[in-house]
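The values are calculated or read from the model by the stated rules, or taken from the named source; none is laboratory data. Just so it is clear, the structure is predicted and the values come from calculations on it, not from any experiment. Cβ sites come from the backbone with ideal geometry, for glycine too, and all protein chains shown count toward neighbours. Quick note on the areas: whole protein, heavy atoms, side chains included, nothing else; ligands and nucleic acids left out. Shrake-Rupley method; radii C 1.70, N 1.55, O 1.52, S 1.80 Å.
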Amino acid sequence: MLAATANPEQPNEVEVSRPSDVLAAKQATDATLNALLLGLGGVALLVGGVGVANTMVISVLERRAEIGLRRSLGATRGQVRVQFLAESLLLSAIGGVGGVLLGIGVTAAYAGIQGWPAIVPVWAMVGGVLATLVIGGVAGFYPAVRAARMSPTEALAAP
């Protein structure tokens, strides 16, 4: 009906579309892209957590003599646990801040190439660092408990 009204002589040459269809397609595309990026971020956090856990387990194994010496000099299990947990949190904080800075750099570069203003929300930066701290704390918990449970005599006897 709109085509015939717009061009009564040749209504078949008029293309009629609804803007709501285009907007719905754009919203669906945006939602899919957001889900994809969140999934990619989740996988990156998981891989980072496994890396922190692996690093801390190796650290505990390599530093058995240090743990045994500290325990024999009077360090409590809680102090050893806090030491290794703090190390894992520091390791993940450095990685989180580095990742946020890299993300800001890539975003600014892409926005500059496109001629757009570079906008990175503060909540995204803080959320990224907090997420890495949570993942680092969870990943470092087991190695910290393992180090704290080590008896001083066994730790000092190990090569």
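Observations, loosely collected:
- Percentage relative contact order, the chain, counting C-alpha pairs under 8 Å, at least six apart: 36
- The chain: most fluctuating residue of GLU13, GLU66, GLU87 per GNM, C-alpha cutoff 10 Å: GLU13
- Portion, in percent, of the accessible area of region 68-154 that falls on carbon or sulfur, probe 1.4 Å: 74
- Between SER17, ALA44, GLY137, the Cα set farthest toward the positive side of the dipole of the chain (charges on each charged residue's Cβ, about the Cα centre) is that of GLY137.
- Projected label distance in nm at ILE119 and GLN79, using a 7 Å step from Cα toward the beta-carbon: 5.2
- Between LEU36 and ALA111, residue separation times 0.36 nm minus the direct Cα-Cα distance comes to 25.0 nm.
- When +1 charges are put on Lys and Arg Cβ atoms and -1 charges on Asp and Glu Cβ atoms, the dipole computed for the chain relative to its Cα centre reaches about 1300 debye.
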